[in-house]
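The values are calculated or read from the model by the stated rules, or taken from the named source; none is laboratory data. Please read these numbers as outputs of a predicted model, since none were measured by experiment. FYI the Cβ positions are ideal-geometry reconstructions off the backbone, even for glycines, and counts take in every protein chain you see. Note: areas computed on protein heavy atoms with side chains; ligands, DNA, RNA excluded. Shrake-Rupley method; radii C 1.70, N 1.55, O 1.52, S 1.80 Å.
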Amino acid sequence: MWCHFLILLVAVSTAGATCHQKREPAGKRGSIFADLTADEMQAVRDFLMSKPRLRLSSARRETLKKNSIFLMELHVPKKGDALKTLDQGRTSPKREARVVVTFGDQLRPNITEYIVGPLPKPTYYKHTTFAGKTPKFESRPTSQTEYYHITNKLQEITKKVYRILVETSGFSFHNCTDRCLTFSDVAPRGLESGERRAWFVLQKFVEGYFIHPIGFELLLNHKSLDPTEWEVEKVWYNDQYFDSVEELVEKYEKGEVTKMTLPDHDDDDLYSTYIPRGESSTRANVQGPKLVQPQGPRYRVEGNFVEYVGWSFAFRVRSSAGLQLFDLRFNGERVAYEISLQEAVAFYSGSTPAAMQTKYIDGGWGMGTEAYELASGIDCPDIATFVDLYHYYDTDRPVRYKNALCIFEMTTGVPLRRHFNSNFKGGYNFYGGLENNVLVIRTTSTVYNYDYIWDFLFYQNGVVEAKVSATGYIHATFFTPEGLNHGARVHSYVLGNLHTHLVNYKVDLDIAGRDNSFETIELKYENFTNPWSPRHSIVQSRLHRTQRTTEREAAFPFGKRLPRYLHFYNPTKKNRWGHHRGYRIQFNSHADSVLPRSWKEEVGITWSRYPLAVTCQKDSEVMSSTIYTQNDPWEPVVSFEDYISNNENIDKTDLVAWVTVGFLHIPHSEDIPNTSTPGNSVGFFLRPFNFFNEDPSVASRDTVIVRPHKDSFSKVDTDRWTPELAGYCMSNKPFHYNGTYEEV
């Protein structure tokens, strides 16, 4: 009872203190970046549906020949307009929505994007393009309606191979009860712009079906808006190609096909399940460590605005791409205007047709909308603050994703700073240490088989870390001997295909103002006569700075060594010691290119050529990728290479860093059942580099200093500025998880 009373008392005390502090209203600073509310989404839908000229209908209609809203999200205001509000207190820019409409019910189907506003009561909609470019209709993401027809088509097709499927796997796609097949489809959907044909992999529909391929793949052309016109163009069975299903059936019945029978299994021997198996020395009757905050949270969340030990920022989760942070400040001073996830890709290799065609560009799957409920105590600590997200993506009403984002403070288990000052006589002069507590904002994206965990971490010394951790199921195909050149056998008939993950971030830095410069710092050896011993020479390192004044000079391609210090600074502002105030980007990545430069699909992901590229900030260069790139990487409406092709000056101007991190994944037996996060986390740090006069964490009251008592080493004098013992409280709430997301 005492523990609960203490928490309540402190919470009330903190709230009371906050009321008397003078501060800029948090809601105003965050609101201009806040995602659309469910009411705003509904208002936009009703407004557009009321326009006869658009002839819009339900996204849930079973026909593909319809005009419907596919995507709706916040249209972020121009940076200059936003800064007038944030820095000058001017009226907030009009809230507007970006809306994607697929027009399938007309002679020439197309995709059109609109800007709709002002919210919450819209009165206008304006057509918008990507610098004059519009996406082809075939580049649209696959809708649930299209998947409905794909499933029906596969039911129809697999009836013809029912015997083959059952004899091979013991499962079937139609006429099944508990031994059913399902499918995975790969992308891009074709080999050149304007196509829409995809390979489909049949799998056993069991828990973790991604790693249960049965050796049957087919290529379906589904470009037509009339599903009765869809056709199978190729079939692959047990490492053999056929021009049609009929050809496979005929040759199978004549004994001209190499047949196979997969080993059977039961639910107790399912290698893809999470159910524990094998021996464990961990005591099952004892709970593991848990995070506690005995006096309540030390951070504050108001809407989409967060404050924590000097840090403040606004956040949103873009339906098309994911987590974005805006207006990042430390002690009231802006460090970055925007840090945001832009795109994630996973390019595969293999010997089966589906594997060799798999080049996932995850924005095309609505990566931001794949943020499902986070499990308290597993995905985020029990003490976390959970936030619901709302998306309007391939739906008729806003969809609420419960507890899909979390915010929490945690200790890293490693001191932020510490020193033991020995007296070299068996004692010490003092010990000083500072616990490394950080604030974490987290979402996830489960893009089909893979789960990405997206983190931004805020440290007390002014450091920001962006990190992505990969887990989930590997993308697996049927094992063939040739497949060992492109992966590893992870089960009796399963090949884990090698692939490379790349993730692109946008980092719009405002270091002590908008006018920044960029330099790289390396070391060069110098050799000179020793001034105090002329018979000898001294060899040592010397700083070598290179000013990067154009966009091409600041674009560093993969394959060449990246300079060790990447320094962004304000050329007109200095700290107390005469250094330009700056921040630097430090990589934690093992990335490399995924395709040769200008090779077909590589044209759609030209940002992947560079671990770092620096450009002038432009409102017309908002993103490095779009939701259309996945299905048309050959003629993308946004090409990052265009951003640096004009080679503009980047000295003393507003700069944006485009950062690409990633890693190679060669699957191995330990990826069964799932890829684990250790060793599969990459990202980058933003680290102050002479931005402050000293480490700003000296202001932290988490510091502890211990000195021996002047009269006796057996006694100590301890200085601390936080309660020594606050009591450790564990939540008594039982574990609860729902996992549903539904229209509101």
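Observations on the model:
- R0 of 56 Å, Cβ-Cβ distance residue 572-residue 152: FRET efficiency to nearest 0.05: 0.30
- The length gained by stretching the chain between residue 246 and residue 49 to full extension, at 0.36 nm per residue less their Cα-Cα distance, is 66.4 nm.
- The simple spin-label model puts a point 7 Å past each Cα toward its Cβ; for residue 560 and residue 112 those points are separated by 4.5 nm.
- Hits among aspartates and glutamates - C-alpha to C-alpha of residue 160 under 16 Å, sequence gap 8 or more where chains match: 217, 231, 233, 243, 246, 247, 250, 253
- Each residue, residue 742 and residue 256, gets one label point 7 Å from its Cα in the Cβ direction; the gap between the two is 5.5 nm.
- Inter-centroid distance (Cα atoms) of the range 175-197 relative to the range 141-172, Å: 9 Å
- Long pairs among 153/204; 136/467; 251/600; 65/133; 79/506, criterion Cα-Cα beyond 26 Å: 136/467; 251/600
- The residues of the chain present an accessible area of 46 Å² per residue when probed at 1.4 Å with all protein chains retained.
- Measuring nothing but protein heavy atoms, the accessible surface of the chain at 1.4 Å probe radius is 51 percent carbon and sulfur.
- Ignoring aspartates and glutamates fewer than eight residues from residue 402 along the same chain, the ones with Cα atoms less than 17 angstrom from its Cα are 35, 39, 370, 373, 379, 382, 388, 742, 743.
- Counting all C-alpha pairs of the chain, share separated by more than 35 Å (%): 52 percent
- All Cα pairs of the range 459-546, percent lying beyond 23 Å: 66 percent
- Projecting label points 7 angstrom from Cα along Cα→Cβ for residue 669 and residue 273 puts them 2.2 nm apart.
- Relative packing of peptides 390-396, 280-286, 594-600, 65-71 - highest average C-beta neighbours within 10 Å first: 390-396, 65-71, 594-600, 280-286
- Whole-Hz couplings from phi, Karplus 6.51/-1.76/1.60, listed for the range 445-461; x for Gly and Pro: 9, 9, 8, 6, 8, 8, 10, 9, 9, 9, 10, 10, 10, 10, 9, 6, 9
- Ranked packing of 521-527, 38-44, 329-335, 629-635, most packed first, by mean Cβ within 10 Å: 629-635, 38-44, 329-335, 521-527
- Two-decimal Rg to Rh for the range 156-289 - Kirkwood Rh, Cα set: 1.10
- Using the Cα coordinates of the range 242-397, the gyration tensor eigenvalues translate into equivalent-ellipsoid semi-axes of 46, 28, 14 Å, sorted from longest to shortest.
- Euclidean distance between Cα centres, the range 480-495 to the range 560-624, Å: 37 Å
- Percent RCO, i.e. relative contact order, over the chain, from Cα pairs under 8 Å lying at least 6 residues apart: 13 percent
- Rounded to 0.05, the FRET efficiency of the residue 550 and residue 266 pair, given R0 = 60 Å and the Cβ-Cβ distance, is 0.40.
- DSSP H segments from the chain that extend 20 Å or more along their own axis, Cα-based, with Kyte-Doolittle mean of 1.0 or above: 2-19
- Residues 467, 290 ordered from highest to lowest accessible area at a 1.4 Å probe: 290, 467.
- Between the range 364-428 and the range 297-347, the alpha-carbon center distance in angstrom: 13 Å
- Cut-off under 5 Å, modelled amide H: who pairs with residue 183 long-range: 203
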